[in-house]
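The values are calculated or read from the model by the stated rules, or taken from the named source; none is laboratory data. Note that the structure is a prediction, hence the values are computed from the model and not measured. Cβ placement follows ideal geometry from the backbone for every residue including glycine, while neighbour counts extend to all protein chains displayed. Surface areas here come from the heavy atoms of the whole protein model, side chains and all, with no ligands, DNA or RNA. Shrake-Rupley method; radii C 1.70, N 1.55, O 1.52, S 1.80 Å.
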Amino acid sequence: MNDLTRSGSWQQVAAQAARMQPTHLRELFADDPGRAQRYTAQACGLHLDYSKQRIDDAARAALLALADDRGLAQWRERLFAGEAVNATEHRAALHMALRASPDDARFAAVSGEVHAVRRAMRAFAQAVRDGERTGATGERITDVVNIGIGGSDFGPRMVCAALAPQIDGPRPHFVANVDGAELHALLARLEPARTLFIVTSKTFTTQETLANARRARAWLVDALGEEAVARHFVAVSTNAEEVGRFGIDSDAMFGFWDWVGGRYSLWSAVGLSIVLALGPERFDALCAGAAAMDRHFVDAPAEHNLPVLMGLLGVWNVNFLGCASHVVAPYAQRLSLFCGWLQQLEMESNGKRVDRDGRTVDYATTPALWGSVGTNAQHAYFQMLHQGPAVHAIDFILAQSADHPFDEMQQMLVANCLAQSAALMAGKTADEVRAELEAAGLSGAALKAAVPHRVFPGNRPSSTLLLPRLDAHHLGALLALYEHRTFVQAVIWGINPFDQWGVELGKQLAKRILDPGQRAGLDASTRALWTRINPPD
Ligand code: F6P
């Protein structure tokens, strides 16, 4: 057994889970009239209702004690102090400094350079948005293409989609995949003279990004000539040398730092496409929302602390209640890219099998995280969530007010979201089904045969997170909330959430497969597939 699973605090939580095992959520609600009020927490305008989680006061207290025992407060302090919490890469993880106000003394060591880049981003974006900074032919820039992948893509792509109605600058586009179909289809719709490319890559060595950037460059040069490149390409990176080698001048590069993890980087110059499309003020509001959540995470007592509670509920569900996965269902069409962003955040961070000291863990770490927007998801996999044999934990996310005029549709959206969590919680018993069917005129063998198919076990845990509206400020708070939830879980599991060695192996092998000199050493299946796709002449 690992230190964690042997620890008294872990055993205490396990005992609580065993105690609660026979209790249905229906009973928890029936026995506690104040439950819907007491199992809630608020921060930065966000309201969390976790009363439909299979938890009571004693279980929550045991989870909070586990967090204490795992040194959550101390790890949080180390994180915010800029210590090298990413031990395998000897790096800090100070993304909070990117969104803090310039006078926040906690980040004084880096604040100067952070805000120098922010000012440069603002000036550049403003000049493009005002039409002062034109393309090579003097035409206004109408389209901006961010070329990047992973953390250099998901964040800005998702934010631009989430805040799309507020876009008042050049149209943002995103290209990530090395499948040329993505770039090819986009270029067909663009005018070279009016297009600005942002090549976004922390390392500036990522195969997909460089392949797309080279093709985009060739497309531009073809139309406007080599000398146009300087007016149509900028870079976002930590690697000035590689940026120069690609042919982008250092004065067209917006920098960031090794203490910004890719998946935590949208607050840095990686967000340049957001600033261009939505304007500096909205980017500031996004950052301010995230900074407010940072302060809440640091200051709020654990029992009222949203990231702490959500992190602990995640651990409770996967490690103690045996939930098979974690589903996130935003009831907001504009959050259709949220799950993609979150998958990288949580699974690249916490998809680890060894603890900080390199010891193999004997407990689950991050579960598979997946989901998509409601109500569409209701017509896909929600059947499984209601009646499949495995239990999955769910986060429902809902913006209370809409920014469209179709009020009756917003009410339907709200009703559907609430209906799903209610149904998952309460389910429907055989007696209830029988009574319904009898009332509809069914009896005898037909009734008996019909009942089991219509029974819902319920007792399926969910949380509901309300945002007043989907604006930049609340979106920023939401994203920071999930970032810190990820960190809380990593602390409980004793793992490093800031490295991603698992991604490397595939990258190395892809290079080997492309290199004829190295292909012979590959396994027989891989060689056979390559040869089938690329038969020798
Ligand atoms: O997917 C692995 C990864 O290293 C991510 O962590 C990162 O966000 C992405 O690749 C892109 O890396 P880069 O910004 O260096 O191109």
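Only one residue in ALA277, ALA288 is in contact with a helix residue (DSSP H, G or I) (Cβ under 7 Å, 6 or more places away or on another chain) and surrounded by fewer than 24 Cβ atoms within 10 Å (Cβ to Cβ), so which one is that?
From the options ALA277, ALA288, the qualifying one is ALA288.
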inquiry  = Whether any residue in segment 61-79 is open to solvent by less than 30 Å² (accessible area, probe 1.4 Å) and outside any helix (DSSP H, G or I) is what I want to check.
reply    = yes
task = Within segment 147-155, identify whether any single residue is more than 13 Å from the ligand (Cβ to nearest atom), closer than 21 Å to VAL128 by Cβ and surrounded by 21 or more Cβ atoms within 10 Å (Cβ to Cβ), and answer yes or no.
result = no
request  = Kindly establish whether GLU208 is assigned by the TED database to the domain that holds SER273 and surrounded by 18 or more Cβ atoms within 10 Å (Cβ to Cβ).
outcome  = yes
note = Residues of segment 510-524 being open to solvent by 70 Å² or more (accessible area, probe 1.4 Å) and either hydroxyl-bearing (Ser, Thr, Tyr) or within 28 Å of GLU348 (Cβ to Cβ) (or both), in sequence order, are LYS511, ARG512, LEU514, GLN518, ASP523
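Rundown of residues vs (1) within 18 Å of the chain's Cα centre (by Cα); (2) within 28 Å of ASN376 (Cα to Cα); (3) assigned to a helix (DSSP H, G or I); (4) touching a residue at least 60 places away in the same chain (Cβ under 8 Å), yes/no style:
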site	(1), (2), (3), (4)
GLU303	no, no, yes, yes
LEU313	yes, yes, yes, yes
CYS339	yes, yes, yes, no
MET347	yes, yes, yes, no
GLY358	no, no, no, no
The listed residue being more than 16 Å from the ligand (Cβ to nearest atom) and open to solvent by 40 Å² or more (accessible area, probe 1.4 Å), out of PRO170, PRO165 = PRO165
key: Condition broken by VAL159, with the remaining ones in (1) open to solvent by 40 Å² or more (accessible area, probe 1.4 Å); (2) assigned to a helix (DSSP H, G or I); (3) within 16 Å of the ligand (Cβ to nearest atom) satisfied   = (1)
key: Options ASP103, ASP56; residue that is charged (D, E, K, R), in contact with a Ser or Thr (Cβ under 9 Å, 6 or more places away or on another chain) and not assigned by the TED database to the domain that holds ALA277   = ASP56
request  = Kindly indicate the residue of segment 495-509 that is surrounded by 12 or more Cβ atoms within 10 Å (Cβ to Cβ) and over 19 Å from the mean Cα position of the chain (by Cα) and also farthest from GLU346 (Cα to Cα) among those meeting that condition.
outcome  = LEU509
ask   = Pick from ALA277, ALA290: which is over 23 Å from ALA92 (Cα atoms) and either in contact (Cβ under 8 Å) with a residue 40 or more places away in the chain or within 16 Å of the ligand (Cβ to nearest atom) (or both)?
value = ALA277
ask   = Can ALA18 be described as at pLDDT 95 or above and exposed (fewer than 13 other Cβ atoms within 10 Å of the Cβ)?
value = yes
message = Restricting to segment 342-358, name every residue that is away from the ligand (no atom under 13 Å from the Cβ) and not charged (D, E, K, R).
response = LEU342, ASN350, VAL354, GLY358
request  = Kindly provide the set of residues from segment 21-42 that are of a type in the set (A, V, I, L, M, F, W, C) and open to solvent by 10 Å² or more (accessible area, probe 1.4 Å), ordered by number.
outcome  = LEU28, PHE29, ALA30, ALA36
message = buried (at least 24 other Cβ atoms within 10 Å of the Cβ) and farther than 24 Å from HIS115 by Cβ: which single residue out of VAL270, VAL221, VAL260, VAL308 fits that description?
response = VAL308
query = Listed residues ASP258, ASP249, ASP222; which is in contact (Cβ under 8 Å) with a residue 40 or more places away in the chain, more than 17 Å from PRO156 (Cα to Cα) and assigned by the TED database to the domain that holds THR134?
reply = ASP258
note = Given (1) open to solvent by 10 Å² or more (accessible area, probe 1.4 Å); (2) more than 19 Å from ALA290 (Cα to Cα), GLY82 misses just (2)
key: Qualifying residue in segment 500-511 (condition: more than 16 Å from the ligand (Cβ to nearest atom) and outside the structural domain of GLY261 (by the TED database))   = no
task = Would you mention how many residues in segment 386-442 are closer than 23 Å to LEU369 by Cβ and in a strand (DSSP E or B)?
result = 7
remark   = ALA97 passes all but one of the listed conditions (1) open to solvent by less than 10 Å² (accessible area, probe 1.4 Å); (2) of a type in the set (Gly, Ala, Ser); (3) assigned to a loop (DSSP other than H, G, I, E, B); the exception is number (3)
ask   = When the residues of segment 191-205 are filtered to those that are open to solvent by 50 Å² or more (accessible area, probe 1.4 Å) and within 14 Å of the ligand (Cβ to nearest atom), which remaining residue is farthest from PHE154 (Cα to Cα)?
value = THR205
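For the condition part of a helix (DSSP H, G or I), surrounded by fewer than 24 Cβ atoms within 10 Å (Cβ to Cβ) and hydrophobic (A, V, I, L, M, F, W, C), what is the one hit in ALA125, ALA108, ALA136? Break it down stepwise before answering.
Numbers: ALA125 fails: surrounded by fewer than 24 Cβ atoms within 10 Å (Cβ to Cβ); ALA136 fails: part of a helix (DSSP H, G or I).
Result: ALA108 is the single residue among ALA125, ALA108, ALA136 that is part of a helix (DSSP H, G or I), surrounded by fewer than 24 Cβ atoms within 10 Å (Cβ to Cβ) and hydrophobic (A, V, I, L, M, F, W, C).
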